[in-house]
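J.: Here it is, the structure, as structure tokens.
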Amino acid sequence: MADALFGEPRLAAIYDLVEGERRDLDHYLAMAAELGARSLLDVGCGTGTFACHAAGRGMDATRLPELQVDLATMTANVAHVFLTDEDWAATLRGVHAALRPGGHLVFEVRDPARQAWLRWTRETTYRSLDAPGIGRVETWWDVTGVSGELVSYRRTYVFGADGVALTSDSTRRFWSRAEIEDSLRSTGYVLAGVRDAPDRPGREWVFIARKPG
Ligand SMILES: C[S@@+](CC[C@H](N)C(=O)[O-])C[C@H]1O[C@@H](n2cnc3c(N)ncnc32)[C@H](O)[C@@H]1O
């Protein structure tokens, strides 16, 4: 089930504004060029921002491909939304089927050792934004629970125009690097590389997995 952030129209409408300039997508575009990808499947695409960026570079970016694609991506830590080994493996298998032989899956994962959730507090995440046509929006995050690898948190949005406060609750799994590498191997990928995210050095791993062929 989608988080309210994407299922509630008032929140979906401000997602791109809240996310800002999206420098995090630059290295995905660079990798698409490096890998010579001409077609893209963006898994967990949110508002479709990356597909639009890729289409602007001449790629065929589609959410439901009829043909196998050169490249699949999961931008903005989508891998963390899968909470069980089974769901994650099913996703990897589905992407594998959608890739052409020799195609690539590129995605990022937060290094759990950095404990990003310790900074998910109202104090450190509070922002006040002016949304064109909507008015002032205040937003912040609070962690609501930590259980092993699972971190739950609540995003709050307060709309100045009518005082309405909406929340979006999420749980994320902080995978270990070994878990990701094992899951890729067991679902038929070759690990072609693991890189740093250039805009978040030392905090995340960018996995490049290839479908043999
Ligand atoms: C953090 S957002 C990232 C959105 C987008 N990739 C971006 O860069 O803005 C996570 C995305 O994963 C999607 N998602 C959540 N649970 C999912 C699931 N079980 N299967 C597929 N997508 C899911 C959400 O709807 C949302 O689009």
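J.: Where the Cα atoms of region 114-173 are projected onto their three principal axes, how long is each span, largest first, in whole Å?
T.: Over region 114-173, Cα extents along the principal axes are 41, 18, 15 Å.
J.: While we're on this one: So if I average 1/r over every pair of distinct C-alpha atoms in region 86-151 and take the inverse, what Kirkwood radius in Å does that give?
T.: Here the Kirkwood hydrodynamic radius works out to 15.9 Å.
J.: Can you give the local net charge around residue 206? Use residues other than it whose beta-carbon is closer than 9 angstrom to its beta-carbon, Lys and Arg +1, Asp and Glu -1.
T.: Within the 9 Å Cβ shell, the charges total -2.
J.: Also, I was wondering about something else. Give the calculated FRET efficiency between residue 146 and residue 30 to the nearest 0.05, with a Förster radius of 30 Å applied to their Cβ-Cβ distance. Before the final figure, lay out each step's value.
T.: Details: r = 34 Å, r/R0 = 1.14.
Rounded to the nearest 0.05, the efficiency is 0.30.
J.: Compute the signed sum of charges (Lys and Arg +1, Asp and Glu -1) over the other residues within less than 13 Å, Cβ to Cβ, of residue 147.
T.: Result for the local shell: +1.
J.: If you take every residue apart from residue 15 with its C-beta less than 12 Å away from the C-beta of residue 15, what net charge results, scoring Lys and Arg +1 and Asp and Glu -1?
T.: Value of the local net charge: -1.
Any read-out appearing in this document is the output of simple, stated calculations on the displayed coordinates, not a laboratory observation. The structure displayed is predicted, hence computed values, not measured ones. Virtual Cβ from ideal backbone geometry, glycine too; neighbours counted across all protein chains shown.
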